[in-house]
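Below you will find the structure I want to go over with you.
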Amino acid sequence: SLGNGLDGAVRALAVHQGQLYAGGDFLSSGSTVLNHIGRWDGLRWSALGSGMDAPVRALAVHEDEFVAGGEFTLAGDVTCLHIGRWAGAAWRDFGPGLSSYAWCLASYYGSLYAGGSFSTAGDVLSTNVARWDGTWWQAPGQPLWGGWEFTPSYVASMATYNGRLYATGHFIAAGRTTRRAVLASPYA
């Protein structure tokens with residue numbers, strides 16, 4: 001194990017500036033309080049400020065910033081609605097954030113993409129996927145909507161491949177085009 005391990009599930013990992021970051025349901029490592037997010041420096045786990053008020057589900061590095069997404073509404077003492085970035089000594093928001101959970105994050109062609117189960121990003125209607133352009137939230141392409149079997153739609157993961165951004169999750173349509181859980185980005 002890494003040090004004392006973590007006392008709950010780990011949902012996401014990322015490497016930033018040579019250190020391993022973990023986010024999830026955990027609250028501590030031994031006697032070290034982490035509150036859903038921690039940094040492993042090769043010897044021990046340490047906290048990022050006072051952590052989050054609810055679980056972290058996604059981690060990413062975008063333009064040399066470390067970003068977390070999840071169920072939280074507070075990162076340290078800063079209001080960060082479901083998405084925040086670590087500025088080295090404190091958490092910073094992404095404007096007004098997301099209306100509900102962020103399940104995944106991806107850095108793609110200079111923008112940060114968030115996927116999850118939300119209807120707005122900031123003041124922009126953006127069903128389950130949104131793009132941060134460095135200044136404000138945008139609705140990228142077509143919304144991903146239309147869950148099946150009485151389950152709401154959501155985006156569960158994103159990855160880049162061959163110059164395209166792909167999203168997977170629980171949705172059956174992108175705009176007016178029927179898709180079954182996988183969609184290639186319009187920004188190829």
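What about Val56, is it open to solvent by less than 30 Å² (accessible area, probe 1.4 Å), without any contact (Cβ under 8 Å) to a residue 60 or more places away in the chain, touching a Lys or Arg at 6+ places or on another chain (Cβ under 6 Å) and under 22 Å from Trp137 (Cα atoms)?
Against the criterion (open to solvent by less than 30 Å² (accessible area, probe 1.4 Å), without any contact (Cβ under 8 Å) to a residue 60 or more places away in the chain, touching a Lys or Arg at 6+ places or on another chain (Cβ under 6 Å) and under 22 Å from Trp137 (Cα atoms)), Val56 does not qualify.
Which is open to solvent by less than 50 Å² (accessible area, probe 1.4 Å), in a strand (DSSP E or B), modelled with pLDDT of 95 or more and not small (Gly, Ala, Ser), of Phe72, Phe66, Phe26? Walk me through it before giving the result.
Working: Phe72 fails: in a strand (DSSP E or B); Phe26 fails: in a strand (DSSP E or B).
Going through Phe72, Phe66, Phe26 in turn, the sole match is Phe66.
Looking at the range 76-88 only, could you name the residues that are of a type in the set (A, V, I, L, M) and free of Cβ contacts under 8 Å to residues at least 24 places away in the same chain?
Val78, Leu81, Ala87
What number of residues within the range 4-19 satisfy the criterion of being open to solvent by 50 Å² or more (accessible area, probe 1.4 Å) and either touching a strand residue (DSSP E or B) at 6+ places or on another chain (Cβ under 7 Å) or at pLDDT 95 or above (or both)?
Summing the residues that are open to solvent by 50 Å² or more (accessible area, probe 1.4 Å) and either touching a strand residue (DSSP E or B) at 6+ places or on another chain (Cβ under 7 Å) or at pLDDT 95 or above (or both) in the range 4-19 gives 7.
Identify the residue in the range 144-158 that is in a loop (DSSP other than H, G, I, E, B) and open to solvent by less than 50 Å² (accessible area, probe 1.4 Å) and, among all such residues, is modelled with the highest pLDDT.
The extreme case among them is Ser153.
The values are calculated or read from the model by the stated rules, or taken from the named source; none is laboratory data. Everything quoted here is computed from the prediction, not taken from an experiment. Counting neighbours? That spans all protein chains shown, and the Cβs are built from the backbone with ideal geometry, glycine included. Areas reflect the complete protein model, heavy atoms only, side chains present, ligands, DNA and RNA absent. Shrake-Rupley method; radii C 1.70, N 1.55, O 1.52, S 1.80 Å.
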